[in-house]
Amino acid sequence: LKRGVLDKIANATTATFYYKIARKLNGRKIKVEEGTRTVRILPQDMIVWVMKDPKGAAIYDLSKMLGAWITPNDSKGRLDKIRGQAKNFHPEGVLEGDQGNTELEQKTKQVKALYDYLNSKSGISYVNQPFSYDFGVGGQRVLTPERVLSSKGGNCIDLVILFSSLMEGLGINPLILIMPNHAFLGWGYKHKTTEMGFLECTCLGSIN
């Protein structure tokens, strides 16, 4: 595909795909097949939650692909700036990630510092964004952290991805907890809820 083509696609669309298949025989290229197909393209920021095997009965849960949206760094350095400023909201004035601090309480204080900074300084708040069914495929657009910072809004998934990116940049492993039609943030020991912390990210901008 031509570089940059997919970046410009904002809505589901169809396109004509030309292909040519050849193989080598005695040093010569021999054409096997050539033709065109109509393909359906979704925007690159849209996640498809579930996909059915086109040749069988298997159902694939694609929710784990959300990890692809977690980006600890951005081209403009906004996430680094947030982490740098958020340290002023920490009782000890530092955000050191997991380095020397494996206790849940220490991680929670750092996540709270990120929240308090964003809640008071960023202007970001919850904006609903419903599921879409382009081409009959149940999916949802997921904003990158850069887009959330620019638009000053996001839904539950968008805000969880923002926090996850900020945490991963500190060296704290984020946990994305998914429920029917909702997602929220977690951290700590993922196999034991009593050793985990949780955040309802949609409270950002409305609850101190």
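(1) assigned to a loop (DSSP other than H, G, I, E, B); (2) of a type in the set (Val, Ile, Thr); (3) within 21 Å of CYS203 (Cβ to Cβ): which one isn't true of VAL94, the others all being true?
VAL94 satisfies all of (1) assigned to a loop (DSSP other than H, G, I, E, B); (2) of a type in the set (Val, Ile, Thr); (3) within 21 Å of CYS203 (Cβ to Cβ) except (3).
In the range 138-159, is there at least one residue being open to solvent by 30 Å² or more (accessible area, probe 1.4 Å) and over 22 Å from ASN73 (Cα atoms)?
Within the range 138-159 (the criterion being open to solvent by 30 Å² or more (accessible area, probe 1.4 Å) and over 22 Å from ASN73 (Cα atoms)), the answer is no, since none of the residues qualifies.
Just to be sure I understand, how many residues within the range 69-86 are surrounded by fewer than 18 Cβ atoms within 10 Å (Cβ to Cβ) and either among the hydrophobic types (A, V, I, L, M, F, W, C) or outside any loop (DSSP other than H, G, I, E, B) (or both)?
The number of residues fulfilling the criteria is 5.
Which residue, of LEU62, LEU95, is aliphatic (A, V, I, L, M), open to solvent by less than 90 Å² (accessible area, probe 1.4 Å) and free of Cβ contacts under 8 Å to residues at least 60 places away in the same chain?
Of the residues listed, the single one that is aliphatic (A, V, I, L, M), open to solvent by less than 90 Å² (accessible area, probe 1.4 Å) and free of Cβ contacts under 8 Å to residues at least 60 places away in the same chain is LEU62.
Among (1) small (Gly, Ala, Ser); (2) within 28 Å of SER75 (Cα to Cα); (3) crowded, with 16+ Cβ neighbours inside 10 Å, where does GLY171 come up short?
Result: GLY171 passes all but (3).
Across the range 1-40, which residue is modelled with the lowest pLDDT among those that are β-branched (Val, Ile, Thr) and in contact with a Phe, Trp or Tyr (Cβ under 6 Å, 6 or more places away or on another chain)?
VAL39
Somewhere in the range 4-14, is a residue surrounded by 12 or more Cβ atoms within 10 Å (Cβ to Cβ), among the small types (Gly, Ala, Ser) and in a strand (DSSP E or B)?
Looking for residues that are surrounded by 12 or more Cβ atoms within 10 Å (Cβ to Cβ), among the small types (Gly, Ala, Ser) and in a strand (DSSP E or B), one finds none in the range 4-14, hence no.
The values are calculated or read from the model by the stated rules, or taken from the named source; none is laboratory data. These numbers come from a predicted model, not from an experiment. Virtual Cβ from ideal backbone geometry, glycine too; neighbours counted across all protein chains shown. These area figures cover heavy atoms from the full protein model, side chains too; ligands, DNA and RNA do not enter into them. Shrake-Rupley method; radii C 1.70, N 1.55, O 1.52, S 1.80 Å.
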